[in-house]
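Report on the following structure.
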Amino acid sequence: NLSPPTATNTIRSLAVKLRDVLQSYQTYDTELITEEQNKAIAFLNSELGQSKCFYVLNNEPIWYFLLNKKSCSRYVIPFFARTNNQQNDVILSLERNKPNIILFNGTYGYWHEINLITMFESNFPIVQYVMKKYKPYKKIGKYWFWKRSSAPYTFDSILDSSTQIEYMKMEKNEQIHI
């Protein structure tokens, strides 16, 4: 036979339930961040050093928090820069701040579609600027980082063997310089 719960047991039981509820509201970064993202964070921290800002083209603003860096533009993701004036503002900010590395794409698809509209359609001026001022640099899993360059990226030799070799290196997460 079980005796009826005492007031002390009831209080203990409620305290345990309250503790469990409160702990469920606390989630640590380590529980949410993938190994791939951790590698990308480590890479970016080493590359960005004391840089004051960073920019993402993949519409994942969490990177600013993860890197403890500000966006180089007031439009923290391209999705917020829809008009030509807003996109020109992003371009001017990138030109003024000259981030050394840009996250070109990431988790949600190669050209990061939103509502089935690619970045190349919705933010063409920004993408065009990045392709003129940056070149592919490193790929970590799904994350493709581009580095500032003095020469624009070209597609001239996309089918030649050296480009294919460079792409294969990128697929193996090796640092590349095209």
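The values are calculated or read from the model by the stated rules, or taken from the named source; none is laboratory data. Just so you know, these numbers come straight off a predicted model, no measurement behind them. Using ideal geometry, Cβ is built from the backbone for each residue, glycine included, and neighbour counts are taken over all protein chains shown. Side chains are part of the model used for accessible areas, which takes the heavy atoms of the whole protein and leaves out ligands, DNA and RNA. Shrake-Rupley method; radii C 1.70, N 1.55, O 1.52, S 1.80 Å.
Here are some notes:
- Only residues that are open to solvent by 60 Å² or more (accessible area, probe 1.4 Å) and modelled with pLDDT of 90 or more were counted in region 131-146, giving 2.
- Of all residues in region 40-47, at least one satisfies being among the acidic types (Asp, Glu) and closer than 16 Å to Asn97 by Cβ.
- Those residues of region 66-81 which are open to solvent by 100 Å² or more (accessible area, probe 1.4 Å) and either aliphatic (A, V, I, L, M) or closer than 16 Å to Thr118 by Cα (or both), in sequence order: Phe80
- Residue match in region 159-175 (condition: under 15 Å from Pro78 (Cα atoms), open to solvent by 20 Å² or more (accessible area, probe 1.4 Å), at pLDDT below 50 and touching a strand residue (DSSP E or B) at 6+ places or on another chain (Cβ under 9 Å)): no
- Residue check for Val90: surrounded by 13 or more Cβ atoms within 10 Å (Cβ to Cβ), at pLDDT 95 or above and in contact with a helix residue (DSSP H, G or I) (Cβ under 6 Å, 6 or more places away or on another chain): yes
- Among the residues making up region 42-65, those that are in a helix (DSSP H, G or I) and either crowded, with 17+ Cβ neighbours inside 10 Å or among the acidic types (Asp, Glu) (or both) are Phe43, Leu44, Glu47, Leu48, Trp63, Tyr64.
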